[in-house]
Amino acid sequence: DDCCGGGPKAPKAKKVAAVTVEDTDEANYPFSLDVKVKGMTCEKCVGRVQNALNAQSGTWARVDLGSGMAHILAKSPIDRDAVERAVEDAGYYVSHRD
């Protein structure tokens with residue numbers, strides 16, 4: 001199930017089910033966070049990261065492969081550690097440098 005670029009190589013990478021965000025009205029998400037995600041090589045990677053983030057309650061994430069950025073909207077304050085764990089569980093990592 002690896003992607004074109006070799007997929008997540010982390011041994012702990014978990015399969016993430018597809019998540020459909022029902023509420024796509026940005027006005028309902030007062031909190032936001034942008035993080036740089038490293039290790040993505042294709043749209044399958046984007047989907048894995050996006051699904052991992054969207055699996056968190058009250059969260060709507062959009063991930064851009066070109067910039068490597070995840071834009072996360074949330075209905076309650078965002079726990080950055082939880083975001084990083086979700087990305088890592090999907091087999092990628094959050095960069096703390098630009």
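Across the stretch 30-51, what is the total count of residues that are more than 10 Å from the chain's Cα centre (by Cα), modelled with pLDDT of 95 or more and among the aliphatic types (A, V, I, L, M)?
Residues flagged as more than 10 Å from the chain's Cα centre (by Cα), modelled with pLDDT of 95 or more and among the aliphatic types (A, V, I, L, M) within the stretch 30-51 amount to 1.
Of all strands (runs of 3 or more DSSP E) completely enclosed by the stretch 45-98, which ones contain at least 2 residues that are of a type outside the set (Val, Ile, Thr), in contact (Cβ under 8 Å) with a residue 24 or more places away in the chain and touching an Asp or Glu at 6+ places or on another chain (Cβ under 6 Å)?
Answer list for the stretch 45-98: 69-74.
Considering (1) at pLDDT 95 or above; (2) on the phi > 0 side of the Ramachandran plot, say which one Asn54 fails and leave the rest.
Of everything listed in (1) at pLDDT 95 or above; (2) on the phi > 0 side of the Ramachandran plot, Asn54 misses just condition (2).
Given the structure, is Cys4 modelled with pLDDT under 90 and either part of a helix (DSSP H, G or I) or not basic (Lys, Arg) (or both)?
Considered against the rule, which asks whether it is modelled with pLDDT under 90 and either part of a helix (DSSP H, G or I) or not basic (Lys, Arg) (or both), Cys4 comes out as yes.
Being of a type in the set (A, V, I, L, M), modelled with pLDDT of 80 or more and outside any helix (DSSP H, G or I) is the filter here; which residues of the stretch 7-29 pass it?
Ala17, Ala18, Val19, Val21
The values are calculated or read from the model by the stated rules, or taken from the named source; none is laboratory data. For clarity, every value in this text was computed on a predicted model and none was experimentally measured. So basically every Cβ, Gly included, is an ideal-geometry build from the backbone, and we count neighbours across all protein chains shown.
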